[in-house]
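Visitor: Below: one structure in structure tokens.
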Amino acid sequence: MAVKELYERYMITSMVAGFEPVEVTSASGCIVRGADGREYLDCFSGISVTNAGHRHPRIIEAAKNQMDKLIHCCTYVYYNPRAAELAEQLARVTPGRLQKSFLANSGAEAVEGALRLARQFTKRKELICLTHSFHGRTVGTLSITGNRGRKKGSGPYLSGVAFAPAPYCYRCPFRLKYPDCDLACAQYLDDVLRYHTAGDVAAFVAEPVMGEGGIIPPPREYFTIATEIVRNDGALFIADEVQSGFGRTGEFFAIEHYAVEPDIMCMAKAIAAGFPLGAFIAREDIAEAFTPGDHLSTFGGNPVSCAAAIANISVMQEEKLPEKALARGEQLMSQLNAFKQECRLIGDVRGKGLMIGVELVKDKATKEPAPEEGKQVRSSYHAGDLCEALGILVRYRKNKGHDALVDRAGL
Ligand SMILES: Cc1ncc(COP(=O)(O)O)c(C=O)c1O
């Protein structure tokens with residue numbers, strides 16, 4: 001039976017609007033190969049996972065060596081040397097005093113664990129998070145996600161969650177302009193604490209650069225102001241680096257752009273170059289708040305994933321991948337900004353490093369969103385190959401085949 005048919009018959013897929021028309025058979029570096037024999041330039045990275053490229057030889061070698069020795073033992077029952085080595089590496093590459101890690105399997109599991117730890121440490125229960133945010137698809141992480149589209153169908157969610165406005169300058173919730181706004185979105189956290197909570201806030205949770213909410217990098221001073229406000233109230237700052245971490249923004253972690261030290265930080269996606277792994281890391285005093293029975297994970301810290309993650313970190317450092325993301329990102333952003341002048345659909349270009357968003361609007365003055373046009377660009381993108389798609393945005397006018405895409409998108 002064809003793969004597509006097997007999917008239709010035996011896999012739960014009704015929650016996705018559609019599939020990319022590519023049956024992926026192999027991948028290496030930045031190239032993905034389809035069953036039709038075509039090669040694609042992968043601008044998607046499996047949702048920000050393969051930051052070091054597909055199947056980097058050193059990462060594959062580390063994983064294979066580990067598979068020949070041990071695949072599973074349960075990291076929280078027996079000593080797993082790879083988990084210990086990875087935790088040491090994470091303490092080394094993460095900012096400030098972050099030191100002790102819990103190893104999990106996914107981003108959502110990392111965020112859930114971080115929330116539990118913050119509650120245990122502070123002996124408080126409430127949480128403050130941001131509109132437009134995304135933190136995963138478990139009930140806990142959806143409760144702190146500020147996006148109806150992601151939450152629909154599963155409520156009601158946890159109580160004790162308050163939302164602050166996203167630092168989304170292009171569509172400022174206060175209709176102000178940076179820097180004259182005096183960072184009203186960050187200052188508003190004071191109001192949220194006073195008027196939207198019961199004074200029992202354990203943590204403020206935020207993505208240093210928002211991913212699923214539309215690639216939103218907060219202004220430079222945002223986290224300094226926001227964390228000062230919440231810390232004065234006794235709450236912790238949890239940075240969700242699941243999407244923005246591991247080099248994508250031009251620093252190892254996006255929070256480094258803001259020179260603010262999180263109390264707890266969540267990681268996953270690119271941590272092990274495609275092997276399933278998640279983690280949260282905390283200051284030592286905070287980490288000690290868990291008492292026996294408070295937390296565990298059967299597969300968390302899988303030895304093969306940990307071996308891959310250790311190799312991934314050394315590849316990132318030796319090959320200077322964050323620095324390269326910064327340089328390539330600046331190049332791409334400058335071309336996208338030039339293209340924005342010519343293209344009436346592009347309202348905003350924003351991001352850090354290679355975490356870049358292009359926001360499409362029907363009208364640049366009213367900023368009316370252009371979801372249909374966005375779909376058209378995406379479906380043109382499906383019909384062509386990913387190299388052509390890159391050409392749409394970066395090499396406007398030079399790319400053959402591009403005109404048709406432009407016409408269909410009504411640019
Ligand atoms: C910022 C952020 N946090 C958490 C998650 C959830 O990660 P996972 O899908 O590995 O559970 C995501 C996934 O996109 C994310 O972008």
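The values are calculated or read from the model by the stated rules, or taken from the named source; none is laboratory data. These figures come from a predicted structure and were not determined experimentally. Neighbour counts are summed over all protein chains in view; Cβ atoms, including those assigned to glycine, are modelled from backbone coordinates with ideal geometry. Note: areas computed on protein heavy atoms with side chains; ligands, DNA, RNA excluded. Shrake-Rupley method; radii C 1.70, N 1.55, O 1.52, S 1.80 Å.
Visitor: When averaged across all projection directions, what area in nm² does the alpha-carbon convex hull of the chain cover? Intermediate results must be reported in sequence, preceding the final value.
Guide: Values: hull surface 84.8 nm².
Its average projected convex-hull area is 21.2 nm².
Visitor: Here's a follow-up. In Å², what does the accessible area per residue of the stretch 1-159 work out to with a 1.4 Å probe?
Guide: Values: 9380 Å² over 159 residues.
Each residue of the stretch 1-159 exposes 59 Å² on average to a 1.4 Å probe.
Visitor: If the elastic network links every pair of Cα atoms under 10 Å, which of Leu86, Leu296, Leu103 fluctuates the most in the Gaussian network model of the chain?
Guide: In this elastic network of the chain, the residue with the biggest mean-square fluctuation among Leu86, Leu296, Leu103 is Leu296.
Visitor: With all protein chains present, how much of the accessible area of the stretch 27-85 (probe radius 1.4 Å) comes from carbon and sulfur, to the nearest whole percent? All intermediate terms of the calculation are to be shown ahead of the outcome.
Guide: On the way: 2110 of 3550 Å².
Roughly 59 percent, rounded to a whole number.
Visitor: Still on this model: Could you point to the residue in Cys30, Val77, Leu127 farthest towards the positive end of the stretch 1-149's charge dipole, with +1 and -1 charges on the Cβ of Lys/Arg and Asp/Glu respectively?
Guide: It is Leu127, whose Cα lies furthest towards the positive end.
Visitor: Could you work out how far apart the two model spin labels at Ser26 and Glu221 are, taking each label as a point 7 Å from the Cα in the direction of the beta carbon, and quote it in nm?
Guide: Roughly 5.5 nm, to one decimal.
Visitor: OK, next. May I ask for the Rg/Rh ratio of the stretch 174-222, computed from Cα atoms with Rh as the Kirkwood radius, given to two decimals? Provide the component values of the computation, followed by the final result.
Guide: On the way: Rg = 12.6 Å, Rh = 12.5 Å.
Rg divided by Rh gives 1.00.
Visitor: Sticking with this structure for a sec: Under DSSP H, which helices of the chain have Cα atoms covering 30 Å or more of the helix axis and a Kyte-Doolittle average no less than 1.6? Spell out each step's value before the answer.
Guide: Working: long enough: 321-342 (31 Å, -0.65).
None clear 30 Å together with a mean of 1.6.
Visitor: May I ask for the equivalent-ellipsoid semi-axes of the stretch 1-112, computed as the square root of five times each C-alpha gyration tensor eigenvalue and listed largest first in whole Å?
Guide: 33, 19, 17
Visitor: Given R₀ = 35 Å, FRET efficiency for Leu158-Ala84 by Cβ-Cβ distance, to 0.05? All intermediate terms of the calculation are to be shown ahead of the outcome.
Guide: Details: r = 33 Å, r/R0 = 0.95.
Once rounded, the FRET efficiency stands at 0.55.
Visitor: If I histogram all Cα-Cα distances within the stretch 85-151 using bins 5 Å wide from 0, what percent of pairs lands in each bin?
Guide: Final binned percentages: 3, 15, 20, 21, 19, 14, 5, 1.
Visitor: Spin-label point model (7 Å from Cα, Cβ direction): what's the Val93 to Ile71 distance in nm?
Guide: 2.6 nm
Visitor: State, as an integer percentage, the relative contact order of the chain based on alpha-carbon contacts under 8 Å between residues 6 or more apart.
Guide: Numbers: 767 pairs, mean separation 78.8, N = 411.
Rounded, it is 19 percent for the chain.
Visitor: Sticking with this structure for a sec: May I ask for log10 I(q)/I(0) of the stretch 279-377 at q = 0.10, 0.13, 0.15, 0.20 Å⁻¹, from a Debye sum over the Cα atoms as equal point scatterers with solvent left out?
Guide: So the normalised log intensities are -0.58, -0.76, -0.82, -0.99.
Visitor: I need the calculated FRET efficiency for the pair Glu228 and Asp285, taking r as the beta carbon distance and R₀ as 22 Å, to the nearest 0.05.
Guide: Working: r = 20 Å, r/R0 = 0.89.
After rounding to 0.05, the efficiency reads 0.65.
Visitor: Can you sort His56, His132, His196 by 1.4 Å-probe accessible area, starting with the largest?
Guide: Descending order: His196, His132, His56.
Visitor: Here is a further query. Using unit Cβ charges (K, R positive; D, E negative) and no other charged atoms, how large, in debye to the nearest 20, is the dipole of the chain about its Cα centre?
Guide: Numbers: 48 positive and 49 negative charges, 121 e Å.
Computed charge dipole of the chain: roughly 580 debye.
Visitor: Residue by residue, what Karplus-based ³J(HN,Hα) values in Hz, rounded to whole numbers, does the stretch 267-276 have, using 6.51, -1.76 and 1.60 with θ = phi - 60° and x for Gly and Pro?
Guide: Once θ is set to phi - 60°, the couplings for the stretch 267-276 become 9, 5, 5, 7, 4, 10, 6, x, 7, x Hz.
Visitor: For the chain, what does -39500 (n - 2.57) per DSSP helix run (n ≥ 4), summed and divided by total residues, give at 222 nm, in deg cm²/dmol to the nearest 500?
Guide: Details: 15 runs with 156 residues, N = 411.
Only helices count here, giving -11500 deg cm²/dmol.
Visitor: Something else about it: Let's test the formula: R0 of 51 Å, r as the Cβ-Cβ distance of Phe299 and Phe174. What FRET efficiency results, to the nearest 0.05? Let's see the in-between values first.
Guide: On the way: r = 44 Å, r/R0 = 0.86.
Using R0 = 51 Å, I get an efficiency of 0.70.
Visitor: Further question on the same structure: Could you check the simple spin-label distance between Thr13 and Lys367, using points 7 Å along Cα→Cβ, in nm with one decimal?
Guide: A separation of 3.8 nm, rounded to one decimal place.
Visitor: Taking the Cα centre of the stretch 1-142 as origin and charging only Cβ (+1 Lys, Arg; -1 Asp, Glu), how large is the dipole, in debye to the nearest 20? Numbers along the way, then the final one.
Guide: Details: 18 positive and 14 negative charges, 163 e Å.
Charge dipole, the stretch 1-142, about its Cα centre: 780 debye, nearest 20.
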